Amino acid sequence: MQGLAPGKIILSGEHSVVYGAPAIATAIKLYSHIHYAPVKGSELIAEFIGIKVHSNHPIAKLSPLVSFLDRQFQKFIDGSIKVESILNSPVQLVLYVLASQLPTQSLSAHFNGDSELPIGAGMGSSASMIAAAVLLVEAINNKTSTSEQRYQLVKHCERLQHGKGSLIDAATVILGGVVQVQRQSVKQLPLRLNHNWYWLFTGTPQSSTGECVSYVAQQHAKDTKLWDEFADVTQNMVQQLYKNANPSEAIVANQALLEYIGVVSERVKMIIEQLKARGGVAKIAGAGSYIGDSCGLLLVYAKDTTGEQLFADFNMKWGVLEQDLKGARIIV
């Protein structure tokens, strides 16, 4: 059997959710999966193609690994280490989920995982892989959790990757479809996106999501009017999507606010201008970056232009935005 979980794209509210305003995201048809096969012996075999990992882990060392990573996280909270020092390897994130949730006898197995999601693109690759592991654990344990229990567990585990788990990432990859998060409230919205949506990966941001959020907080945390404007843009986006209307105005307004708070590089601004000249509108679909040339993912809307026309000669990864409506699941 295997656990399967979609990635996600933030549609609006990237930074304002921190200040109590709503954010919306959709699950997408790019997936992470983990296959489970029991083996004899006392080792867990971890094989993850995308990050080129094939390692054997003695079962007796997995429980201490969980305790070690919890201590590492506490050191980060205390300020004695940086967020990137919590994990020694990306595979530890999945080992943490498996070792903390599975009984010892179920850990003697071959866990084979991979992801269609580019790492560091703002498409929820870590939340997606954790969600696949969470559903797989439930199937192995023959125990079903509620959706809320699932996304809260994903959020808890993802804190090791980013310093703070993202509720909107976790909820979206677990639930599928369009999800709205405001404060700690999660709601699925019955919205379907048409075929005019695309994504473009501008490159991995030099600042992490947590670093970018902290930077914005230092500059703008007390600007209530600004966060009200972000909230208004998100509500406008939702209204346009409900009416299946052209959301270009909301996208442009959202991007203007993102540029104002300083998370869009000059290079990415130029890319957005090029897309505009080709008939598309675009905005950062993630935290962006306050340093470097790359800002992660762009969300692009183009009503009368094909993806081939939009992204000709860009030499960057792009794709049609296809919604996943099922969320994380088990495939037998």
task: Kindly provide the set of residues from region 81-107 that are in a loop (DSSP other than H, G, I, E, B) and under 13 Å from V137 (Cα atoms), ordered by number.
output: L102, P103, L107
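Listed here are the residues, each with its yes/no results for (1) more than 16 Å from the chain's Cα centre (by Cα); (2) over 19 Å from I24 (Cβ atoms); (3) free of Cβ contacts under 8 Å to residues at least 40 places away in the same chain.
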| position | (1), (2), (3) |
| --- | --- |
| A127 | no, no, no |
| A132 | no, yes, no |
| S145 | yes, yes, yes |
| S166 | no, no, no |
| N196 | yes, no, no |
| L200 | no, yes, no |
| T204 | no, yes, no |
message: Name the residue that is nearest to E249 (Cα to Cα), counting only residues in region 290-305 that are part of a loop (DSSP other than H, G, I, E, B) and of a type outside the set (D, E, K, R).
response: A302
- prompt: Out of all the residues in region 1-20, which are out of contact with any Leu (no Cβ under 8 Å at 6 or more places or on another chain) and either farther than 16 Å from I284 by Cβ or free of Cβ contacts under 8 Å to residues at least 12 places away in the same chain (or both)?
  reply: Y19, G20
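Conditions (1) of a type in the set (F, W, Y); (2) surrounded by fewer than 24 Cβ atoms within 10 Å (Cβ to Cβ); (3) in contact with a strand residue (DSSP E or B) (Cβ under 7 Å, 6 or more places away or on another chain), marked per residue:
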residue	(1), (2), (3)
L93	no, yes, no
L102	no, yes, no
Q105	no, yes, no
D114	no, yes, yes
G120	no, yes, no
M123	no, no, yes
S128	no, no, yes
Scan of region 273-314 for residues that are touching a residue at least 12 places away in the same chain (Cβ under 8 Å), acidic (D, E) and farther than 22 Å from H15 by Cβ, ordered by number: D304
query: Out of V137, V181, which single residue is over 13 Å from the mean Cα position of the chain (by Cα), of a type outside the set (D, E, K, R) and within 24 Å of Y36 (Cα to Cα)?
result: V137
field: Top-ranked residue in region 161-185 [being of a type in the set (A, V, I, L, M, F, W, C) and in contact with a Ser or Thr (Cβ under 9 Å, 6 or more places away or on another chain); ranked as surrounded by the most Cβ atoms within 10 Å (Cβ to Cβ)]
entry: V173
message: For region 24-43, give me each residue that is of a type in the set (A, V, I, L, M, F, W, C) and buried (at least 24 other Cβ atoms within 10 Å of the Cβ).
response: I24, A25, A27, I28, I34
query: Can you pull out the strands (runs of 3 or more DSSP E) entirely within region 1-80 that have at least 2 residues that are in contact with a Gly (Cβ under 8 Å, 6 or more places away or on another chain)?
result: 2-12, 23-38, 43-48
message: With the requirement that a residue be more than 15 Å from I28 (Cα to Cα), part of a loop (DSSP other than H, G, I, E, B) and hydrophobic (A, V, I, L, M, F, W, C), what does region 306-321 give you?
response: F311, A312, F314, M316
task: Evaluate region 244-260: report whether one residue or more is among the acidic types (D, E) and either in contact with a Phe, Trp or Tyr (Cβ under 6 Å, 6 or more places away or on another chain) or within 23 Å of A171 (Cα to Cα) (or both).
output: no
- request: Could you identify the single residue in V186, V179, V173 that is of a type outside the set (D, E) and either assigned to a helix (DSSP H, G or I) or at pLDDT below 90 (or both)?
  value: V173
query: Of the residues that make up region 264-281, is at least one assigned to a strand (DSSP E or B) and at pLDDT 95 or above?
result: yes
- request: Could you check Q161 against (1) more than 24 Å from V66 (Cα to Cα); (2) assigned to a helix (DSSP H, G or I); (3) touching a Leu at 6+ places or on another chain (Cβ under 8 Å); (4) not aromatic (F, W, Y) and say which number it fails?
  value: (1)
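The values are calculated or read from the model by the stated rules, or taken from the named source; none is laboratory data. Keep in mind the model is a prediction, meaning the values are calculated, not measured. Glycine also receives a Cβ, built like all others from the backbone with ideal geometry; neighbour counts cover every protein chain displayed.
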